[in-house]
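Take a look at the structure set out below.
The values are calculated or read from the model by the stated rules, or taken from the named source; none is laboratory data. Bear in mind the structure is a predicted one, so any value in this text is a computation, not a measurement. Cβ atoms come from the backbone with ideal geometry, glycine included; neighbour counts cover every protein chain shown.
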Amino acid sequence: MGIIAIEESLIEKVKTEFTDEELVELTSVVGLFNFINRFNDALGILPEVE
C-alpha cells in the first residue's frame, strides 16, 4: 500500500457537497471500517449469520 494521489478537481467537487467537518467525519468512518475489515480478515473473523 502506498500514498494515493487525489486529483484537485475531485477535491473541489467534494467540497461543494460537504463541509470540512463532514469530510473529516466521513474520512474517519471510512478509515475505521477499513481497519475493521483488515483486522477481521487477518484473524479470519466472519460475520455472524442470523
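Kindly evaluate Val14 against the criterion of being at negative phi, touching a helix residue (DSSP H, G or I) at 6+ places or on another chain (Cβ under 8 Å) and of a type outside the set (Asp, Glu). Don't jump to the end; show me each part of the working.
Details: at negative phi: yes; touching a helix residue (DSSP H, G or I) at 6+ places or on another chain (Cβ under 8 Å): yes; of a type outside the set (Asp, Glu): yes.
Yes; evaluated as a whole, the condition is true for this residue.
Filter region 10-19 down to the residues that are modelled with pLDDT of 95 or more and either loosely packed, with under 10 Cβ neighbours inside 10 Å or in contact with an Asp or Glu (Cβ under 7 Å, 6 or more places away or on another chain) (or both) and list them by number.
Thr16, Glu17, Thr19
Going by the conditions given, is Phe35 at pLDDT 95 or above and either touching a Phe, Trp or Tyr at 6+ places or on another chain (Cβ under 6 Å) or not in a loop (DSSP other than H, G, I, E, B) (or both)?
On the way: at pLDDT 95 or above: yes; either touching a Phe, Trp or Tyr at 6+ places or on another chain (Cβ under 6 Å) or not in a loop (DSSP other than H, G, I, E, B) (or both): yes.
Yes: the conditions hold for Phe35.
Yes/no per residue for (1) of a type in the set (Ser, Thr, Tyr); (2) without any contact (Cβ under 8 Å) to a residue 40 or more places away in the chain; (3) in a helix (DSSP H, G or I):
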residue	(1), (2), (3)
Ile4	no, yes, no
Ser9	yes, yes, yes
Glu12	no, yes, yes
Phe18	no, yes, no
Glu48	no, yes, no
